[in-house]
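Structure first, then comments.
The values are calculated or read from the model by the stated rules, or taken from the named source; none is laboratory data. Just so we're clear, the structure is a prediction, and the values are computed from it rather than from any experiment. All Cβ positions, even for glycine, are placed from backbone atoms using ideal geometry, and neighbour counts span all protein chains on display. Ligands, DNA and RNA are stripped out before the accessible areas are found, and what is left, the full protein with its side chains, is counted by its heavy atoms. Shrake-Rupley method; radii C 1.70, N 1.55, O 1.52, S 1.80 Å.
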Amino acid sequence: MAKKRRMFDINMPEELPVAAPEVQVPTQAPAPRRGPMATAISEAANSTRQRQEVEAQIRAENDALAHEHVRLKGLGLVMELVPLNAISTSKLTRDRAKGPDLELAELKGSIADIGLSNPIRLEARSDGLYELIQGFRRLSAYRELFENTGDERFQAIPAVVTEPGDKLEDLYRRMVDENLVRKDISFAEMAKLALEYANDPQTDESDADKAVATLFKSAGYQKRSYIRNFIRLVRALDGSLKYMPDIPRALGLSLASLIEADPVAADKIALALNTNPGRTAAEELEILRGFVKEDAPAKVTAAKTSARPAPSKTSFALPMANGAAKCTAAQGKLEIKLDRDFSNIDQSRLEQAIRQMLEALE
């Protein structure tokens, strides 16, 4: 009879099974799971912190740009658009005599076509307005363009604005040095400026001759000497001369010598000018030349006795951008031949160029 198995008898295998892998028990409890509200608060805090960091960086960059702008503005390297009605021209006496400016039309045409290439210079005032330091003709051109056309382009002018603080002498020097490079500025106008500078109670110099050394320091010694001679002429005839800028250097120097040698010469010249109030520029120059012609024959005679006879005709060629200009000079005749239509040139511009050439030959 078979042996009855017990209910709890277990047949064990002959080989033991492979041991189960060891489970890693965490040493720390897992972080508690955050709810939606906590997540939203954390994200908002991170966003705020990032925005604050960006804003701080922008403020630092703006501060650096502001300091650089102030530095460049102090150096006169920042250009602004300044309304014409905010600019005053009363602080400095201008070195240009009042009267028609034949080249202003050309300047206006250039500005209308291509704009202003060289900004004017202004000094800021405490009342929000500006004082003109350099650029009187450019400002005049803009004002005339706006008045004639009403175009908003000409309602404000490009300008370099500096803060007040420069000495009055330095402001005058800037104006003078800019205009010294212009060939059309006359010795009479420069002498007039030196007189006005010396008479200005706000300047440190009251002697006109010394004012020349201050204002025209950049000019050569000979040029300053000419200006001082013209001071005598302007001082004696300023109220009688209508076309002072048209006086050529040689004529002005002769008149200044005459006035210095003859105490009543200025009164005679003034009387001759005032008896012809409607005179033209050419007539005024003819009157002035009449007072210095008496010395001319002696000088011419001396020159003829010591020099060789001048040739009856002189011819030469000048290389130009558009070809060679053939020039012929003879008694009472000067001829220039160039492959160009001179009839297309504005008459006033042509007259001024010829006048300057003839005056330079005196």
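Among (1) more than 30 Å from SER90 (Cβ to Cβ); (2) loosely packed, with under 14 Cβ neighbours inside 10 Å, there is one condition VAL292 misses while meeting the rest; what is its number?
Answer for VAL292: the failing condition is (2).
Considering only residues of region 203-225 that are modelled with pLDDT of 85 or more and among the charged types (D, E, K, R), which is most open to solvent (accessible area, probe 1.4 Å)?
LYS210
Answer yes if at least one residue in region 186-201 is among the hydrophobic types (A, V, I, L, M, F, W, C), part of a loop (DSSP other than H, G, I, E, B) and closer than 19 Å to VAL292 by Cα, and no otherwise.
no
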